[in-house]
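The values are calculated or read from the model by the stated rules, or taken from the named source; none is laboratory data. As the structure is a prediction and not an experimental result, all values here were calculated from the model. Glycine gets a Cβ as well: all are built from the backbone with ideal geometry, and neighbour counts include every protein chain shown.
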Amino acid sequence: MSSTAALRSIAILFFLILTVACGAENGNHLAEGGIEGTGITDDAPHVSIGSISGFGSIFVNGVEFETTSSTVIINGDVMSHVDGSDDPLKLAMVVTVEGEINDDGSTGTADLIVFDRDVQGPIATITTIDFSHKQLLILGLEVLVSSDTVFEGVSFETLTENEVVEVSGFANADNQLVATWLQKQADSFEEGEEIEVEAHITTLDLDQQILTLSSLTVDYSQANLVRFSNEAPSVGDFIEVRGSSINESGHLVAEKVKYKGEKLNIEEGSKLELEGVISSFTSVSEFSLHGVTVNAENATIKKGNINDLAIGLRVEVEGLIDDNEVLLASEVTIKQESQLRLTAPVSAIDSETGVITLITVDITIDNQTAFQDVGSNHLKYFNTNDIAVGDWLTIRATGIGEDIVASKVIRIQDRKQVTIKGPIDSLSLNSAVVLGVSLDMSAVSMEEQMQLAVGDSLSVTGESSEDVVFVAEVERGE
């Protein structure tokens, strides 16, 4: 460890000791982090906020951070960073990392890693949007899940109302949570189990000490109020509410209400890598995510072009904070939602070029690709070096120019049927082509075939033989 890193580690340790002492005195959890009040020291040389895309250390925003000596804070509690299945950090959690980036720009050292969940509670309602998107209502917060969300203990298809789940993600312009990670905690809520939500106050009764977060009513009369400048909440405040019971009126009884604020507290001159959803957009030189104003007029745009930038787009922005608290972006990576999916055995793999072939489709792997192993090995530290010809994978991807680039690679248990989802390239009676793969549609009814058109998004399942998929099931996208 360098002398600079050692001094910074001492500073972090001193900060943590002070915070623990204050937390013990106030009966609070330790220094919550994530997308707010990061718990970051004032002299942080590099801050990276984004979803975890892999392990073998930890990958965030395309950088592999060494974590051997890292301090890890999970939902306000200091945790031991344990390699393997007991590691509290999970794929697709949104975390804040403080540390150093090496000269190669792709590796570094994490001194502090902070995770703060966005919501934990029972699912009140589930609304299906299309075959790859659903909207959940959890403690009054609208949560958007998709085939890109990483699920643990449950799947996109098996989500059930009343299940208690913990969720991490990014807020969009409509104050909905775009979920990157969702873990099932229990089949149903039981009194005494902690539930939590972060949201904006929509109505407030100061006399009765009742507030609402959209459709959720909160009784905060017995709550510990934290960080409120005027010692009372206000309509519009972004807050965190924790509790463990529902009263006879159906109100969440808050044990703690904390003001979260809207802006990150990042010092001038700090290097910042920030992943999120654009929540407001005036121009390329003025848009925002996580309450940070971004100027990208001199930035290099990756995986798209400058005209793609708009409200609702998920991006990763890299640059420096100036004296006006504006992030001067040097690079913006566009992270389009995966529109393509293939589930099939690997027919070829080239680790040097980063290309995996499923059926006849070549898919490029890059430093933004997330890896997950839910096959028989369940490797946590999983990447292309662990993949062999014949392994069954589900790959979610986007089309970038003429290339298909993987956003997520999942190794799964062996199956009998392959799945392909993408736009229809060509179409004729009893046949079609999707992603360059020939489909035999003779088992699909004429009525279903007549509803299809070139360019439609189509998901098909069937058996593959000699580069032809014999389709058994079809589902047409919106």
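Return yes when Ala472 is loosely packed, with under 14 Cβ neighbours inside 10 Å, of a type in the set (A, V, I, L, M), outside the structural domain of Asn305 (by TED's automatic domain parsing) and over 24 Å from the mean Cα position of the chain (by Cα) and no when it is not. Yes; evaluated as a whole, the condition is true for this residue.
Are any of the residues in the stretch 106-116 buried (at least 18 other Cβ atoms within 10 Å of the Cβ) and not in a strand (DSSP E or B)? Talk me through it step by step, then tell me what you get.
So in the stretch 106-116, the residues buried (at least 18 other Cβ atoms within 10 Å of the Cβ) come out as 108-116.
Imposing the further condition that a residue be not in a strand (DSSP E or B) reduces the set to 116.
Checked against the condition, which is being buried (at least 18 other Cβ atoms within 10 Å of the Cβ) and not in a strand (DSSP E or B), the stretch 106-116 yields at least one hit.
With respect to the conditions (1) farther than 18 Å from Gly105 by Cβ; (2) of a type in the set (A, V, I, L, M, F, W, C); (3) at pLDDT 95 or above, Ile306 lacks only one, and its number is (3). Scanning the stretch 441-457 for residues that are among the small types (Gly, Ala, Ser) and within 12 Å of Arg476 (Cβ to Cβ), we see that the one that is surrounded by the most Cβ atoms within 10 Å (Cβ to Cβ) is Ser457.
The stretch 219-295 holds strands (runs of 3 or more DSSP E) entirely within its bounds, and those carrying 1 or more residues that are without any contact (Cβ under 8 Å) to a residue 60 or more places away in the chain and surrounded by 15 or more Cβ atoms within 10 Å (Cβ to Cβ) map to 224-226, 238-246, 252-259, 280-283, 286-289, 292-295. Restricting the stretch 186-203 to residues that are surrounded by fewer than 18 Cβ atoms within 10 Å (Cβ to Cβ) and closer than 30 Å to Gly312 by Cβ leaves a set whose member that is nearest to the chain's Cα centre (by Cα) is His200.
For the condition assigned by TED's automatic domain parsing to the domain that holds Gly56, in contact (Cβ under 8 Å) with a residue 24 or more places away in the chain and surrounded by fewer than 20 Cβ atoms within 10 Å (Cβ to Cβ), Ser146 does not qualify.
Here are Gly354, Gly422: which of them is in the same structural domain as Ser459 (by TED's automatic domain parsing) and over 22 Å from the mean Cα position of the chain (by Cα)?
Going through Gly354, Gly422 in turn, just one is in the same structural domain as Ser459 (by TED's automatic domain parsing) and over 22 Å from the mean Cα position of the chain (by Cα): Gly422.
Looking at the stretch 290-340, which of its residues are under 20 Å from Val60 (Cα atoms), charged (D, E, K, R) and over 18 Å from the mean Cα position of the chain (by Cα)? Correct list: Lys302, Lys303, Glu331. For the stretch 309-378, the strands (runs of 3 or more DSSP E) that sit wholly inside it and include 2 or more residues that are acidic (Asp, Glu) are 314-321. If the condition is being assigned to a loop (DSSP other than H, G, I, E, B) and closer than 19 Å to Val119 by Cα, then the stretch 209-218 contributes Ser214, Ser215. Every listed requirement among (1) modelled with pLDDT of 95 or more; (2) surrounded by fewer than 21 Cβ atoms within 10 Å (Cβ to Cβ) is met by Glu316 save one, (2).
Being assigned to a strand (DSSP E or B), in the same structural domain as Gln368 (by TED's automatic domain parsing) and hydrophobic (A, V, I, L, M, F, W, C) is a condition met by at least one residue of the stretch 383-394.
Of the strands (runs of 3 or more DSSP E) lying entirely inside the stretch 138-192, the ones with 2 or more residues being among the β-branched types (Val, Ile, Thr), out of contact with any helix residue (DSSP H, G or I) (no Cβ under 7 Å at 6 or more places or on another chain) and closer than 16 Å to Glu275 by Cβ are found at 177-186.
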